[in-house]
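I have placed the structure first, in the form of structure tokens, so that the comments after it can refer back to it.
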Amino acid sequence: MKYMELTKTIKLQIYTSKDEKTLLLNSMRTYSDACNYVSNYIYTTRDLSQVSVQKHTYEKCRSEYGLPSQMACNVVRTVIGSYKTNKTNGDDWTECKYNVPQMTLSWNRDYSLTADKFSVGTLHGRIKVDYAKSNMEQYFDKSIYRFGAANVVYKHGKFFLHISVSYEVEECNLSDICNVVGIDRGINFVVATYDSKHKSGFVSGRAIKQKRAHHSKLRKELQKRQTPSARRRLKAIGQRENRWMQDVNHCISKALVESNPKHTLFVLEVLTGIRNTTERVKTKNRYVSVSWSFFDLEQKLIYKAKQNQSTVIKVDPRYTSQCCPMCGHIEKSNRNKKIHLFTCKNCGYKSNDDRIGAMNLYHMGISYLKEAQVLDAVTIE
């Protein structure tokens, strides 16, 4: 039996007195200032070697900013991580700025957590404060969970602690697969599914389209004003919309995993390059296509599937919406996008075009298992 390590982030609120708030906030602001100093060094030198950056910035972080040794090391890791993340996301070289008070902590060095108190180091010594303990009891089982790095965040006058927690789950072997689900992602339907019981499912995207359209219209109106208050409002709207969309994706991915048994194979399309594809979309519809959070839904599904001893594969998306799942005939005119109807020109089979995509993905999942020589076809088909 094989196991894999997963990491999740738990978020909880920290409660401080007036004096504790001042100590913690001053430490966080100093930490952010040190991050800006290190960021400027990296941006100027283009040096992303942790050993080299720490060699050139550590002393100043200690002497000028007064950071404890572990905190000075954390600053370097924080900034290098930001640049590497930007590079992964395609942003080659933009200087990272740290304008919001923040602080990254190392377990059992900068901070510790017990069932009663959160202990954290500041520039003027350690403080122990209360925190929201709801649903935290399970994480103190050291035989299952291990605490890692943590971030202290200050938002809306409140402190929040984001802690990474690692734990092991049983790895899903392909030989254990008992169910296959094809998942077609889109805009008209956020997901359309087809599974081994030959059942289809749909999650409508209408509410998402309406809410995004409302925010888009509001953004245009605020952008015309060009005032400080309008810019603040724009930022708040963007953050609110992102949080809402992440919650929607969380609910959808959770429902997909919980409605299927353990050892399920979820089959998704590879959507790399989807932004380039939207260049052929009409300008009035381009915003919806580009801003749709397909990747976030994919990541949440992958993570939750692993927790449930299931797995996700991604396959080539070519012809999944043009191929008849009954006779295999491929023709572009099979699909009528305007009315979302698929009609096979060869055998006449008709169905919703998103359902057809999910059916083809399901069959690709079956083929994947057969090629891996782990599937008794009679078991699933």
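The values are calculated or read from the model by the stated rules, or taken from the named source; none is laboratory data. Every value quoted in this text rests on a predicted model; they were computed, and no experiment measured them. Methodologically, a virtual Cβ is constructed for each residue, glycine included, from the backbone with ideal geometry; neighbour enumeration extends over all protein chains shown. In case anyone asks, the SASA skips ligands and DNA or RNA and just uses the protein heavy atoms, side chains included. Shrake-Rupley method; radii C 1.70, N 1.55, O 1.52, S 1.80 Å.
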Open item on the list: Give me P(r) over the chain, computed from all C-alpha to C-alpha distances, binned every 10 Å, as integer percentages.
Closed with: 4, 17, 23, 24, 18, 9, 3, 0
Open item on the list: What number does segment 9-93 give for Rg over Rh if you use C-alpha atoms and the Kirkwood radius?
Closed with: 1.04
Open item on the list: Report, in listed order, any pair from Lys11/Lys155; Lys97/Lys217; Lys117/Lys306; Lys8/Lys300 with a Cα-Cα distance greater than 21 Å.
Closed with: Lys97/Lys217; Lys117/Lys306
Open item on the list: Given points 7 Å out from each Cα along the Cα-Cβ axis, report the Ser106 to Gln239 separation in nanometres with one decimal.
Closed with: 3.0
TODO: State the percentage of accessible surface on the chain attributable to carbon and sulfur atoms; use a 1.4 Å probe and exclude ligands, DNA and RNA.
DONE: 49
- [ ] Please list, in chain and number order, the residues 5+ apart from Ala149 or on another chain whose amide H is under 5 Å from its amide H, with Hs placed from the backbone.
- [x] Trp107, Ser164
Task: Among Gly81, Thr9, Thr94 the positive-end extreme of the charge dipole of segment 1-110 (Cβ point charges) - done: Thr9
Task: Per-residue ³J(HN,Hα) for segment 184-193, Karplus 6.51 cos²θ - 1.76 cosθ + 1.60, θ = phi - 60°, Hz, x for Gly and Pro - done: 9, 9, x, 9, 4, 10, 4, 9, 10, 10
Task: Amide H within-cut-off set for Val180, under 5 Å, with H built and near neighbours excluded - done: Ser196, Leu265
Open item on the list: With +1 assigned to the C-beta of every Lys and Arg and -1 to the C-beta of every Asp and Glu, and no other charges, what is the dipole magnitude of segment 37-122 about the Cα centre in debye, to the nearest 20?
Closed with: 120
TODO: Return the loop-located chymotrypsin sites (Phe, Trp or Tyr not before Pro) in segment 35-119 (DSSP other than H, G, I, E, B) with at most 10 other Cβ atoms within 10 Å of their own Cβ; answer none if there are none.
DONE: Trp93
Task: Full-stretch length increase - Ala115, Arg46 - with 0.36 nm per residue and alpha-carbon distance subtracted - done: 20.5 nm
TODO: For Lys197, list the lysines whose Cα falls under 17 Å from its own Cα; do not include residues on the same chain fewer than 8 positions away.
DONE: Lys262
TODO: Calculate one ³J(HN,Hα) per residue across segment 160-170 by plugging θ = phi - 60° into the Karplus curve 6.51 cos²θ - 1.76 cosθ + 1.60, and present them in order as whole Hz with x for glycine and proline.
DONE: 10, 10, 10, 10, 7, 10, 9, 7, 10, 10, 5
TODO: Taking amide H positions as placed in the peptide plane 1.01 Å from N, state which residues far from Gln309 in sequence (5 or more) or on other chains have amide H under 5 Å from it.
DONE: none
TODO: Quick one: compute the contact order of segment 47-206, relative version, from alpha carbon pairs under 8 angstrom and 6+ residues apart, as a percent.
DONE: 12
TODO: Tally the DSSP beta bridges in the chain and give the antiparallel ones as a percent, rounded to 5.
DONE: 85
Open item on the list: Under a crude label model (7 Å from the Cα following the beta-carbon direction), how far is His340 from Gln138 in nanometres?
Closed with: 3.5
Open item on the list: Suppose each label sits 7 Å from its Cα in the direction of the beta carbon; what would the Ser175-Thr7 distance come out to in nanometres?
Closed with: 3.2
